[in-house]
Amino acid sequence: MSLLYINWDVNPEIVNILGVPIKYYGLLFLSGLVLCFNILKSIYKKEKLSVQAHDALFSYALIGILAGARLGHCIFYDFDYYSQHPLEIFLPIQRGPDGAYHFTGYAGLASHGGGIGLMIMLLIYSRKFKISLMTVLDAIAIVLPLGGVFIRLANLMNSEIIGTPTNVPWAFIFRQVDNLPRHPAQLYEAISYFIIFLLVYLIYKKDIFRIGKGFYFGISILLIFIMRILIEFIKVDQVEFEHGMSLNMGQLLSIPFVLLGLFFIIKSVLEKGKMKTV
């Protein structure tokens, strides 16, 4: 049975140019954003939203996701360290044993923080371009799970966010971590998010719900964070303080998103029902 295990020993660094590493994580992260941005172009066109607003969306989303994800990691998962090294929160460097700072890239991004940062920037964006915030959130929510696919694939290339030991035949042995066969939790999430994307996009293409009522935002974050909660049970704890917790930090932070998603789904369904009875 062990012959079926997948030996995973990928160098997360593609190439190093003059001391600056080009990594799979950054490449996949950017590729996911570009793909989502291009799908959103057709959504904006269908909803008769301005080309100028679409073109500006990429910058707002990138800033919100990166800033939120970075701050989320530093505050939620490693506050003790970063409160003593605030410079490393904002710059892609880390102080080595020799006392000198070295370029490391942003080693540590939290998806919950990225979600919060994105929503804050979308609020600013909606006011700037005079588009309903709910319309923007619904449009973004359609492609949001697809972006999550690329992030989890990036985690796989980094051999991070690994699963607990298992003997299932499709287990991965992350050679850069240890020699134990483990659940490929990153792939579980990536596959789940891709299925969610197909479902939400299909509902949109069939015009079952109109954009701007909150349904797409609700169903997207509800399904994403339900899967996040479930898959966390077979993940290795990300930080030491999570040991012994009934629900880890990722699961606790997911609960408000699940409740928020459920609220918008119920609200949208009730409003749609009222429109039919009028």
Residues meeting the amide H criterion for ILE22 (H placed from the backbone, H to H distance under 5 Å, 5 or more places apart or on another chain) are ILE14, VAL15, ASN16, ILE17
In debye to the nearest 20, the charge dipole size for the chain, taken about the Cα centre with +1 at each Lys and Arg Cβ and -1 at each Asp and Glu Cβ, equals 1700
Judged on accessible area alone, 1.4 Å probe, highest first, ILE116, ILE265 line up as ILE116, ILE265
Reported to the nearest 10 Å², TRP170 has, with a 1.4 Å probe, an accessible area equal to 130
Extension length gain for ARG175 and GLU47 (0.36 nm per residue less Cα distance), in nm, is 41.3 nm
Once MET157, MET119 are ranked on solvent-accessible area with the largest value leading and a 1.4 Å probe, the list reads MET119, MET157
Fraction of alpha-carbon pairs in the stretch 122-231 farther than 22 Å apart, rounded to whole percent, equals 44
Once ARG175, ARG210, ARG70 are ranked on solvent-accessible area with the largest value leading and a 1.4 Å probe, the list reads ARG210, ARG175, ARG70
The orientation-averaged projected area of the Cα convex hull of the stretch 50-130, in nm², is 6.0
Using alpha-carbon positions, the gyration tensor of the stretch 171-278 gives root eigenvalues a ≥ b ≥ c; with a/c under 1.5 called rounded, otherwise prolate if a/b exceeds b/c, else oblate, the class is oblate
With Cα coordinates, the longest principal axis of the chain makes an angle with the long axis of helix 24-46, in degrees rounded to 10, of 10
Between the alpha carbon centres of the stretch 234-278 and the stretch 112-137 the gap in Å comes to 19
per DSSP, antiparallel bridges as share of beta bridges in the chain, % nearest 5, sits at 80
Expressed in square angstrom to the nearest 10, the accessible area of VAL10 with a 1.4 Å probe stands at 30
If one compares the long axis through the Cα atoms of helix 133-157 with the longest principal axis of the Cα atoms of the chain, the angle in degrees, nearest 10, works out at 20
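Hey, any idea what Rg/Rh is for the chain, computing Rh the Kirkwood way over Cα pairs?
Radius of gyration over Kirkwood radius for the chain works out to 0.99.
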Probe 1.4 Å, all chains present, heavy atoms only: ASP178 accessible area in Å², nearest 10, is 40
Note on the chain: contact order normalised by length, alpha-carbon pairs under 8 Å, 6 or more apart, percent, works out to 21
With a 19 Å threshold on alpha-carbon distance, the violating pairs from LYS48/LYS205; LYS41/LYS205; LYS205/LYS267 are LYS205/LYS267
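Can you send over the carbon and sulfur percentage of the accessible area for the chain, probe radius 1.4 Å, protein chains only? Don't skip to the end; give the middle numbers.
On the way: 10110 of 14790 Å².
The value for the chain is 68 percent carbon and sulfur by accessible area.
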As straight-line cross-link partners of LYS213, the qualifying aspartates and glutamates (C-alpha separation under 19 Å, not fewer than 8 residues apart within one chain) are GLU47, ASP138, GLU271
Taking Cα atoms only, helix 185-205 is inclined relative to the longest principal axis of the chain by an angle, in degrees rounded to 10, of 10
With a ≥ b ≥ c from the Cα gyration tensor eigenvalues, square-rooted, and the rule rounded for a/c under 1.5, otherwise prolate when a/b > b/c and oblate otherwise, the stretch 10-89 is oblate
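The values are calculated or read from the model by the stated rules, or taken from the named source; none is laboratory data. All values reported here derive from a predicted model rather than from experimental measurement. Counting neighbours? That spans all protein chains shown, and the Cβs are built from the backbone with ideal geometry, glycine included. SASA here: full protein model, heavy atoms, side chains in, ligands and nucleic acids out. Shrake-Rupley method; radii C 1.70, N 1.55, O 1.52, S 1.80 Å.
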